[in-house]
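Colleague: Sharing a structure below in structure tokens format, with a few things to ask.
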Amino acid sequence: MTFTTVGVYAQNDFKASDRLTLNLGLRYEPQTRYKEKFGRESAIRNILTDAQATLGPLFKNNTLDNVSPRLGFAWDVRGNGKTAVRGAAARLYDLGNLATPLVQAVAGTPPFSSLSRVNNAPFTVPFVLPAEGSPQALRIIDYNLAAPNMWHYNVAVERELIANMALTVTYAGSRGVNLIRTAEGNPRRPSQTLADGRPFWTGQEPRVSPYWNTIELKVADSKSQYHSLQLRLNQRLSRGLQFQNSLTWASARDNYSGFSNTDFGGAEGQTSDNPFDRDHDWAPMPTDVRLSYRANLVYRVPDVFTPGSVAGALFNTWQVATIVQATSGQPFTPGLTTNRSRSGQLGGQAGLDRPDLIPGVRPADVTKGVSRGCGNIKAGTPVGTADLWFDPCAFTIPQIGTLGNAPRNGFLLPGYSRFD
């Protein structure tokens, strides 16, 4: 695939007053549509009505409206250079981000490629392909794919405390829209809804479109939010000492914003277990780290011997340095190894369905306290240790045909710390 990106921008800094400086900017950065080297391009333009692919672009050019405004300011509050307020906001677009979807589409978009899935079929030697005319599985990109973009904003207050030491308090946030995810583009609608609100599948429900089997669809319909409070205390070099301390308290949430499991290191399934309820998956991102602390310090030991002497060469100009890192754990999602719900999501992939939490168990209980006991694990065994950092006895297998109630990313991995 080939494409060309062109970016143009205008920017201007001007002083609104002696103590206030503004930065205004505007960027426009479109790209040409992706083109296959030999012109072998096609798309399913409407999954519900198209019984075959249409030759032409894989999807519409979604970058022609990529207009990015920028705004920044710096304010010297008292005019003495000791207290400053700074802020910025910008709309940012993501370009050239479809390597994985394009590779997958090559293997699953007719008529130039073909993909078939056979579930629960008897294995024979030699292997027999599905009969001609049976619905074909697809791996495609949404023809009306929106352009992923993000609003980023921050405001910081910096104050000089004493000579060479300053404290900075910052709020930084972002809001992502039209983020690309993997979805089941041709789901099976559940045949009924249980009294507790969970959908129920028999496994025989027809898919939304009768023309195709399961469809691995790359679609831009996800969103994200990030909020953080950042504290930083800096000491510039003074009397041989300099240090920096920074603490971030943050929250990052989304409803899936990755192409595949590898985007999050296999920390969760690549798509929702319920394609009919997007709010069901609004939860912490796999990369959500609530607390993060960093510190570094360098101290130059005072010279005690005459410079130029043998003792001075050996014992003068020494430094002591240290780096400290500490973060809280990232969230994870438990998964089942079978499609117990019978939803047929992405061909019934293992790992998409989730287990049930035992009644009375809260997500926080899974990684702290003591185990409830099951199998070879004795009741009362401490949880959250190197030997048993989560309690598998807190989960149970859900009723066949239903989705488990374990929440997405509702459980925490261990934290991490390092001292050099």
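Colleague: Could you check the spin-label model distance between residue 114 and residue 417? Points 7 Å from the Cα along Cα→Cβ, value in nm.
Modeller: 6.0 nm
Colleague: Further, regarding this structure: Which one of 68, 309, 224 has the biggest mean-square fluctuation once the chain is modelled by GNM with Cα springs under 10 Å?
Modeller: 309
Colleague: Once Rh is set to the Kirkwood radius over Cα pairs, what Stokes-Einstein translational diffusion coefficient, in µm²/s, holds for the chain at a temperature of 4 °C and a viscosity of 1.567 mPa s?
Modeller: So the translational diffusion coefficient is about 50 µm²/s.
Colleague: Once the piece of chain linking residue 75 and residue 313 is laid out straight, how much longer is it, given 0.36 nm per residue of separation minus the C-alpha distance between them?
Modeller: Residue separation times 0.36 nm, minus the Cα-Cα distance, leaves 80.9 nm.
Colleague: Further, regarding this structure: Using a/c under 1.5 as the rounded threshold, could you call segment 138-211 rounded, prolate or oblate? The axes a ≥ b ≥ c are square roots of the C-alpha gyration tensor eigenvalues, and prolate needs a/b larger than b/c, oblate otherwise.
Modeller: prolate
Colleague: Ok, one more. Amide H of residue 381: which non-local residues (sequence gap of 5 or more, or other chain) have their own amide H closer than 5 Å, using H built in the peptide plane?
Modeller: 371
Colleague: Could you state the principal axis extents of the C-alpha atoms in segment 1-57, from the largest down, to the nearest angstrom?
Modeller: Ordered largest first, segment 1-57 gives principal extents of 66, 29, 9 Å.
Colleague: Let me ask another. Compute the length gained on full extension between residue 97 and residue 171: take 0.36 nm times their separation in residues and subtract their Cα-Cα distance, giving the result in nm to one decimal.
Modeller: Roughly 23.8 nm would be gained on extension.
Colleague: Within segment 214-249, list the residues whose amide N lies under 18 Å from a label point set 7 Å along Cα→Cβ of residue 60.
Modeller: Zone members listed by number: 218-222.
Colleague: Placing +1 on the Cβ of each Lys and Arg and -1 on the Cβ of each Asp and Glu in the chain, which of 357, 309, 138 has its Cα farthest towards the positive end of the resulting dipole?
Modeller: 309
Colleague: What is the dipole size for the chain, taken about its Cα centre, with +1 at each Lys and Arg Cβ and -1 at each Asp and Glu Cβ, in debye to the nearest 20?
Modeller: With only Lys, Arg, Asp and Glu charged at Cβ, the dipole is about 720 debye.
Colleague: Next question. In whole Å, what are the Cα extents of segment 1-103 along the three principal axes, biggest one first?
Modeller: 70, 27, 20
Colleague: Please state the relative contact order of the chain as a whole percent: Cα pairs under 8 Å, 6+ residues apart?
Modeller: Once divided by the residue count of the chain, the mean separation gives 11 percent.
Colleague: Out of 221, 353, 196, any idea which swings most in a Gaussian network model of the chain, alpha carbons joined below 10 Å?
Modeller: Looking only at 221, 353, 196, the largest GNM fluctuation is found for 196.
Colleague: Step through the residues of segment 232-241 one at a time and calculate ³J(HN,Hα) from phi using the Karplus curve (6.51 cos²θ - 1.76 cosθ + 1.60, θ = phi - 60°), rounding each to whole Hz and writing x for Gly and Pro.
Modeller: These are the phi-based 3J(HN,Hα) values: 9, 10, 10, 10, 5, 3, 8, 6, x, 10 Hz.
Colleague: Next question. What is the extension gain from residue 45 to residue 297, computed as 0.36 nm multiplied by their sequence separation minus the C-alpha to C-alpha distance, in nm to one decimal?
Modeller: 84.9 nm
Colleague: I want to make sure I understand the PRE zone here: with the label point 7 angstrom from the Cα of residue 322 toward its beta carbon, which residues in segment 207-250 have backbone N atoms less than 14 Å away?
Modeller: 242-245
Colleague: If you average over every viewing direction, what projected area does the convex hull of the Cα atoms of segment 314-420 give, in nm²?
Modeller: 11.1 nm²
Colleague: Please work out the FRET efficiency for the pair residue 16 and residue 67, using the Cβ-Cβ distance as r and a Förster radius of 25 Å; give the result to the nearest 0.05.
Modeller: That gives a FRET efficiency of 0.55.
Colleague: Now for a separate question. On a 26 Å Cα-Cα criterion, which of the cross-link pairs 15/82; 15/223; 218/368; 37/218; 37/223 come out too long?
Modeller: 15/223; 218/368; 37/223
Colleague: With θ set to phi - 60° and the Karplus curve 6.51 cos²θ - 1.76 cosθ + 1.60, what are the ³J(HN,Hα) couplings of segment 16-22 in order, to the nearest whole Hz, using x for Gly and Pro?
Modeller: Result, rounded to whole Hz: 6, 7, 5, 10, 10, 10, 10.
Colleague: May I pose another question? Have a look at 140, 44, 397 and tell me which one the Gaussian network model of the chain (Cα, springs below 10 Å) gives the largest fluctuation.
Modeller: Of 140, 44, 397, the Gaussian network model singles out 397 as fluctuating most.
Colleague: From the helices alone, meaning DSSP H stretches of at least four residues, give me the mean residue ellipticity at 222 nm for the chain, per-run term -39500 (n - 2.57), in deg cm²/dmol to the nearest 500.
Modeller: -1000 deg cm²/dmol
Colleague: Shifting gears a bit: Provide the per residue accessible area, probe 1.4 Å, for the chain, rounded to a whole number of square angstrom.
Modeller: It amounts to 55 Å² per residue over the chain.
The values are calculated or read from the model by the stated rules, or taken from the named source; none is laboratory data. All figures in this text were calculated on a predicted structure; none of them were measured in a lab. So basically every Cβ, Gly included, is an ideal-geometry build from the backbone, and we count neighbours across all protein chains shown. Note: accessible area is taken over every heavy atom of the protein model, side chains too, but ligands, DNA and RNA are not part of it. Shrake-Rupley method; radii C 1.70, N 1.55, O 1.52, S 1.80 Å.
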